[in-house]
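Just so it is clear, none of the values below were taken in a lab; they were calculated from the coordinates. The structure presented is a predicted model; accordingly, all values stated were derived computationally and were not measured. Heads up, the Cβs are rebuilt from the backbone with ideal geometry, glycines too, and the neighbour counts pull from every protein chain shown.
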Amino acid sequence: MISMELAGIIFAVFCISLCTYIKNNIARHVISIALVNSIALLCLYFSILNEEEIAITLLDWRFTEYWIINLTTNSWVGSHFAVLASSLWLLTYMYSVFYFAKNQEKAKDFYLFVPISILACIGISFAGNLFTLFIFYEILTFSTYPLVVMLKNKESYNAGKVYLMQLVTPSLLCFLPVVIMDNMETPLVSDDLKTILFILGITKTALLPFNQWLTRAMVAPVPVSALLHAVAVVKAGVFSIFIYFYLVQPEITYITSLILTALCLSTIVYAGIRAVFAVNIKQILAFSTISQLAIAVLPMAVIGIDDNLASNALSAGIGHAESHSIGKILLFFIAGYLFNAFKIKEIYDIKLLQRSGMFSIIGFLLAASSIIGFPYTIGGESKKQIMSLFTEFTHEYIAVYFVLIFSSLLSVFYFGRIIYYGIFASLKNYHGKRQRLKFSYLYFIVVIILIISLIF
Amino acid sequence: MTPNFSIFLVALPLVFSSLSVILRKKRFVSLLGIILSLICLLLIGKNYNLVDGNNVFAINLGGFVGQTGIEYSLDIFSLSMLGLVAMQFFIFQIFAFNKLPVEYNEKQYYKISCILFLLLASFSGLAFSSDIFNIYVMLEVSSLCLYCLTAVSNKNKSLIAAFRYLIIGTVAATLYLFGVGMVYLATGSLNLYHIANSYNNSYSQVFHCGIALMIIGLFIKAAIFPFSNWLKEVYANTSETLMSFIAATSSKLILAILAKIIFYCYYPFSNGYFSYVLLFFAILTIIYGTFFAIKETQYTAILAYSSIANNGFILALIAMLSPYGFFAAVFYIFSHSLAKSGLFMVKTVPKDKISNAMRILFLASLAGVPLTSGFIAKILLLDSLVVGYGLEIFIIMLIFSAVSLIYVFKLYQGRAFSDGNDHQHSTISSNFALLCLGFLNIVFGLVGGVLIADLESFIGSFL
């Protein structure tokens, strides 16, 4: 029965892709939004149902036991991601209607490839084995490449090159061996090496050696950045790691755990400091994303040491990934609105902001406070969970506390800079003539929904 | 229908090549090609049901049995190779239906077509001949056709390239012939299936030497490392339309013959080092091909070097001397052949939606992106390598298959930014051929394994 609904999702996604060719704008958007909504509801249904297992055996002609595409709905880790991706896709779609209102023709790629990438995300979230995970991971990489180079200028092609290089090469060199070796009857390498290889291979999480692709890919239009960097790509990376720990349940030693912790902590600090010195708003958001992703991966470092912690650590990681998604997508939407309306690209340009932008700045303030981790926001709650996870290991992982607090302080600084320029400097320095922007209901609705969901 | 009918796979192209000289009209000749390839596909499809499992059907030409006469044998391996050739020829004929007559003088087109039919005859003969001297004859016929096709291409250095190709090809054929002579001296047999049985220990050195000479001859033809210089020149100086057929079949068939000689007659007498000798050359070939493909800037030259590197991968799989490796090698041959012919085809059509989409698909298949046949070939490659050789070789291969992404990306960008050949016009037939090939590139990954699944047990019966 469930396979029918899964087929329904696939069918709906292709329908949305095909909707790109409908000439009438309003009809296209209404149909698409309805379909996206139904997909989100189906994903929600799966996550509630949570019991049956489906195995789609596409490739069972040769690799009987292992090399099959196996989709399962009983992984609670994955269903979180499916719900997150599909529901935020709905909001992004609504936002993109407002964002691309003037040039619908240019946005064809967006409407064509976003459904495919979300389909890949849903595939990742329901993956029943590492082979399936790998296939959908790669599909996601290649279906988002056209989105990164959407503007089709030289800068975006260069960014696309970096994007492909840094995502595909490590996944082939590190991820694929793990997939192959996981199926061996007599294991060739230990769980520790496998885990480290896997985390190095999933460069979508933007951990330290390979994270230039994320900042370079900011050349894309805002809805693409929002979807890529808040929902689809980076979250696919983070959830791939969660799913790996959920499926394989590797037993890692203390040394490996320390290595992973060090990797995450160094990424947090590095990205935070880079964000402080960046001036382009999108770059600041990108570096903030890198830093927050590393925080979300951090609980995985202790998961293998103590089995009792496994489900706590997973839920802490998932919680942080989700709260970050909601906060970051709101930040991107607002940054996109500022750019679209006032041509604001760098923080110094925010001085040009007018009163009509004040609603946006308040939304920005709320989203930023969630990401910083203020109490009574989802971001604060998820950070609290992660912190409490490490209480069991106070002496060994004392650095974690310092780094988390330090990163919060850094984010106070870099978000505070934007808000300062937005609220105070804009009022003081404004000299030009005031022009009122056309009020957009879609933008308003999207921002309000996100703000409500920020509150814990 | 008896398997004996399959001799028409060689005979019909010979007849049709003379027919094309008689008919001469462009339309007739083009139609002849399509009819011929359809008949070949039909014959192969009819015979496919017969050879399931380990069945081998021997076809004795002229009624001479066994060791004295020429014998063609139909088994799952030779049939799959025949299928590859016929399928590629069919797609090529559709693709070239309007294109090739325009590229050459329309009145001279029948000559090209005549040579192409001869080439098909010799390739079919190569695919299922089990007589090593007959294989030599077919090698020579196919090589002569290839020299001609290189020489008549409208490129600057075609004649020089053809001449060099002639020299190196003759050297290779001569080495192979010496080898055949020595093997015949040592065993008194020319039949692939009988050589192992009639092996005489007192002539062992002659036998080993003969096999070595044959293998070296085939190495030269398949452009394995120390002898791989010629390939680039030929690829770059032959018409791309013709290359879409030649590149997809010629060196792959040579590797198939190499596999036949190694598995059918040499395996029982090889010692433990033999596998590693082959592997050594394979790795050198991979390094050479990949390195120069990255360094090169010209489209066809990159394709040539990538062919060399992929031949190295196939040789590494053959060198494993195991059924699983052999199965993976044949699968790899198929998937690479499908991708390579497509890449040559898209070079000759203007940039439109279909050609762009297909180009990306072929490149994805060459790189091994999921959902293409190339991905499953790569998975099979890596999986069998880690089973066969262990971790070290696996890591080397993994690195080189990842490095190959660089030149794939170069191919993609080179096409994306150069305006290239907009004066050529696409036709319905060429678009249809491209779509066919793209379809096969995806579908073969899903069903190809089922089609050639018997190969493993078939080769296992020799080991």
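Values computed for the structure shown
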item: Virtual spin-label span in nm between A:ILE451 and A:LYS106, 7 Å along Cα→Cβ; result: 2.9 nm
item: In segment B:1-74, trypsin sites (Lys or Arg not before Pro) in a DSSP loop with at most 16 other beta-carbon atoms within 10 Å; result: B:ARG24, B:LYS25
item: Rounded Å value of the spacing that divides the Cα centres of segment B:322-374 and segment A:294-342; result: 39 Å
item: Label-point gap, in nm, between B:PHE163 and A:VAL279 - each point 7 angstrom along Cα→Cβ; result: 6.4 nm
item: Length-normalised contact order for chain A - Cα pairs under 8 Å, 6+ apart - percent; result: 13 percent
item: Under 5 Å, built H, 5+ apart or other chain: amide partners of A:GLN104; result: none
item: Chain B, relative contact order in percent, only Cα pairs under 8 angstrom and at least six apart counted; result: 16 percent
item: Cβ-Cβ FRET estimate between B:LEU463 and B:VAL171, R0 fixed at 30 Å, reported to 0.05; result: 0.40
item: Computed over segment A:148-268: relative contact order in percent, which uses C-alpha pairs under 8 Å that are six or more apart; result: 32 percent
item: Chymotrypsin sites (Phe, Trp or Tyr not before Pro) lying in DSSP loop within segment B:59-155, provided at most 16 other Cβ fall within 10 Å; result: B:PHE64
item: Stretch gain in nm, segment A:MET184-A:GLU155, where the contour uses 0.36 nm per residue and the Cα spacing is subtracted; result: 6.1 nm
item: Two-site FRET efficiency, A:ASN37 against A:GLU5, from Cβ-Cβ distance with R₀ of 22 Å, rounded to 0.05; result: 0.90
item: Percent of alpha-carbon pairs separated by more than 45 Å within the protein assembly as shown; result: 36 percent
item: Qualifying lysines (Cα of each under 23 Å from Cα of A:LYS384; at least 8 residues distant if same chain); result: A:LYS235, A:LYS328
item: Residue-span extension gain [B:ASN197 to B:ILE287] - 0.36 nm each, minus C-alpha spacing; result: 28.6 nm
item: Exposure proxy order (Cβ contacts within 10 Å, fewest to most) of B:TRP230, A:TRP89; result: B:TRP230, A:TRP89
item: Residues with amide H under 5 Å from that of B:LEU74, placed H, sequence gap 5 or more; result: B:PHE57, B:ALA58, B:ILE59
item: Partners for A:LYS23 among lysines (Cα-Cα distance below 27 Å; same-chain residues under 8 apart left out); result: A:LYS102, A:LYS106, A:LYS108, A:LYS152, A:LYS438, B:LYS351, B:LYS353
item: Sorted by Cβ density within 10 Å, fewest first, the residues A:VAL269, A:VAL238, B:VAL450; result: B:VAL450, A:VAL269, A:VAL238
item: Neighbourhood charge, 13 Å Cβ-Cβ cut-off, centred on B:VAL51 and excluding it, Lys, Arg +1 and Asp, Glu -1; result: -2
item: Length released on extending from A:ASP191 to A:LEU258, taking residue separation times 0.36 nm less the Cα-Cα span; result: 22.6 nm
item: Per-pair calculated FRET efficiency, R0 = 22 Å: B:TYR276 and B:SER204 via Cβ, rounded to 0.05; result: 0.60
item: Anchor B:LYS25: lysines whose Cα lies under 30 Å away (excluding residues fewer than 8 positions away in-chain); result: B:LYS99, B:LYS107, B:LYS111, B:LYS155, B:LYS157, B:LYS347
item: Residues A:HIS324, A:HIS395, sorted so that the one with the fewest Cβ neighbours within 10 Å comes first; result: A:HIS395, A:HIS324
item: Rounded if a/c under 1.5, otherwise prolate or oblate - segment B:64-130, Cα gyration tensor axes; result: oblate
